[in-house]
Structure formats: C-alpha cells, structure tokens
Amino acid sequence: MVASFQPKHEGGKLTSDDIVRANTNVLEATRSILEKRAGSPHTIHLLRMQFYLGDESIFIGRTVANTIATHKVASVEFTILTKVRTNFTNNNLLTHGRQFMSFLDSCPNAFGGLARLTLENLRLGESDFPKIFSICKQLEVLCLYHCDMGIESLLEVEHSQLSELVIGRSVLIKRVDLKWVPKLTVLKFNMFRSQDDPFCLGYVPLLQTVSIINTGFSWHKMLKISELLGETAISNLHLNFKSEKVSEGSQCCQ
C-alpha cells in the first residue's frame, strides 16, 4: 500500500518526487513479493494495490498483469490516488483524467482482471466510461469520488458483473442511468447537486441495498422514494438528507 511509503511532510503536501518515490517503492515491493512466489503452487487469494496515478503506475499495472496471466491470483483490487486530493482545479481533474486513460490503455490486461476499482478526482470524456466498462470485464465493485465528465454529465452503466456502485461527491454528474446491471446489489450515493433524481433504474433485478446521503438545497427537487425505487425489492434503505427534500417511503429507512 502506497501509504506505507509516504513521507511525513508538514501540512500533508506531497511533491512530484514524493509520488515517484512512493510508487517506485510500491513497485519494487510488489515485484519482490511476486517473484519469490513464482514457483509456489498456491494462488494469491487477494492482491490489493493502492498507489498514485503517475508514470510509474504503468509499471505497477504491467507487473500485476503478468501475475494475472500466470493464474496465480484470484482477485485484484486497485485504489488509484491523485497527487492533488483537495482544493483541486478543473485543470487538475482534466490532467488526472488523461493520465488515467493513458494508464488504462497501457495496461488493459491488468484492468481486465480487476474485481474492484476505486478512482478519485478525474474528469473523463463521454466515451471514457464505456471504454472502462468494456475493458474491466470482471469488475464487481466500482467506487468513484469526485469523478465526472463535466457539468451535468450523464453516466450510463451497462456491466454484466458489477455488484456494487459507489458515487461519492461527484456533484457534476446530473444522473446515473443504470441501464443493464443484472448483478448489482448495492448502490450508494453521497452528495449530489442535480435538480433531478440522481439516478434512474433500468434492469437491476438483484438490487437490495440503497444508500442516499445529501444536503438538500433550494434547487433540489423533492425526491419521491416510492417513484424512484418503487419497482425494486430492496431490503435495506438508508436515507440521510439533513433536510426535507425527501418524501414517500422515507419512514421505512433503516
């Protein structure tokens, strides 16, 4: 995990050299561990990687891809951090988005074997998310924090394996359209600014848990839970609006 190699700076600010050093240490540690297991008959149950988005992340991805190719790992998770994590600008988001897509293009075999992917602080193009879904065919959990495709963007989700989707503080996404997600069981939203419903449900027959957390403002419409979730068979509903911008069914939240 990259946090194990982070320098202790006052104020928590990281330099470009810090990012390179931390990622390089993660890469060297990963290679060392995996090389020592090369002759082992035992499969790695879970390979969980946390690192920074940067030029070195490509080498981390290729190392993981080589491990996946040997069938010696059962499940792989990536948490990809960005150098600028707070007080970021639109330019930061665009730069991170381009860096991530370059990483994805360079390591399709690594992403093709991922079970879980956590991303933060990215602004992607309209065609990027469909590409991510098409490459990450084994993806079961996707967590997006401060990720979008620009103002009032629409995120359409079609994926055969995805079971959990977490959208956190991606306030510029107008709506998430869950068109065809047959294995989705968990859906979580935290903070949105859309004047419309934050999501719409297509084919999600297994959806069981929904969490919606938001601070309602004057421009938010009243969410009608019975209309939003009326055709589902969810058994666990968590609502926290800190306001009165929710009605019909809010009394059943757990």
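The values are calculated or read from the model by the stated rules, or taken from the named source; none is laboratory data. In this text the structure is predicted, and so the values were computed from the model without any measurement. All Cβ positions, glycine included, derive from the backbone under ideal geometry; neighbour counts span all protein chains shown.
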Check your understanding: Only one of (1) closer than 15 Å to Ser57 by Cβ; (2) within 14 Å of the chain's Cα centre (by Cα); (3) surrounded by fewer than 21 Cβ atoms within 10 Å (Cβ to Cβ) is not met by Ala115, so which one is it?
Key -> (1)
Revision key, fill the gap. Within the range 2-24, the count of residues that are charged (D, E, K, R), at pLDDT 50 or above and assigned to a helix (DSSP H, G or I) comes to 3
Review point. For the range 34-115, list the helices (runs of 4 or more DSSP H) that sit wholly inside it and hold at least 2 residues that are farther than 23 Å from His146 by Cα; which are they?
Key: 57-69, 108-112
Point to revise | Count - residues of the range 118-145 that are surrounded by fewer than 17 Cβ atoms within 10 Å (Cβ to Cβ) and of a type in the set (Lys, Arg) | key: 2
**Study point:** Residue check, Arg169 without any contact (Cβ under 8 Å) to a residue 12 or more places away in the chain and of a type in the set (Lys, Arg)
**Key:** no
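Every residue, every condition in (1) under 23 Å from Ile173 (Cβ atoms); (2) surrounded by fewer than 14 Cβ atoms within 10 Å (Cβ to Cβ); (3) in contact (Cβ under 8 Å) with a residue 40 or more places away in the chain, yes or no:
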position	(1), (2), (3)
Leu34	no, no, no
Arg37	no, no, no
Leu46	no, yes, no
Ile58	no, no, yes
Ile68	no, no, yes
Ala74	no, yes, no
Ile80	yes, no, yes
Thr86	yes, yes, no
Met101	yes, no, no
